[in-house]
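Structure, as structure tokens:
The values are calculated or read from the model by the stated rules, or taken from the named source; none is laboratory data. As the structure is a prediction and not an experimental result, all values here were calculated from the model. Cβ: placed from backbone, ideal geometry, glycine included. Neighbour counts: every protein chain shown. For accessibility, only protein heavy atoms count, side chains too; no ligands or nucleic acids. Shrake-Rupley method; radii C 1.70, N 1.55, O 1.52, S 1.80 Å.
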Amino acid sequence: MRRVVCPGSFDPVTNGHLDIIGRTSRLYDEVVVAVLINIEKQSLFTVEERIEMLQAVTREYGNIRVEKFHGLLVDFCKQQGIPAIVKGLRAVSDFDYELQMAQLNYRMSGVETLFMSTNPEYSFLSSSRLKEIARYGGDVSGLVPDLVHKSLVERLRG
Ligand code: ADP
């Protein structure tokens, strides 16, 4: 079985993430979406909430499994028997960091990293910017699935 991992914080999942996950799902037998547990970073949604949203919005692809992980991504890959990581690249600003991570991960473990270019429709989109806009009452519909939009509005309304 050809398996690959799409890692991230997904706080929350955006249409930019979904575009990468969906396109990757057509190339592999199974895509494992791995949600990073980062206790040092404050998040808007809990890991379990993020997992639930991801499961709901990726169900239609049929070959997505959502998991969580902490520690090194390459250790998660080894445990799960996953030989490659797929990352979305939005702009040159992503590249410098991602190239170093990819080289480090390969050096540590032999796990490969493949880059997929973002859909230009979403190249400006990140979860952090999305939250910032939503927090100040900006319209983010069209940037996230409806279900996520609803949860975002509810959460930010407090
Ligand atoms: P964010 O930067 O949105 O907070 P994550 O840490 O959850 O994202 O990102 C997980 C992965 O998704 C990363 O590889 C990131 O480059 C990719 N990604 C995030 N947003 C987009 C987008 N709009 N288009 C393509 N890839 C994206």
Q.
I need a count of the residues in region 43-66 that are under 20 Å from Arg135 (Cβ atoms) and within 13 Å of the ligand (Cβ to nearest atom).
A. 5
Q.
I'd like to know if region 106-116 contains one or more residues that are part of a helix (DSSP H, G or I), modelled with pLDDT of 95 or more, open to solvent by 20 Å² or more (accessible area, probe 1.4 Å) and within 11 Å of the ligand (Cβ to nearest atom).
A. no
**Q.** Matching residues, region 1-39, being modelled with pLDDT under 95 and within 14 Å of the ligand (Cβ to nearest atom)
**A.** Asn38
Q. Considering region 117-140 alone, what residues qualify as being surrounded by 18 or more Cβ atoms within 10 Å (Cβ to Cβ), within 7 Å of the ligand (Cβ to nearest atom) and closer than 17 Å to Gln42 by Cα?
A. Ser127
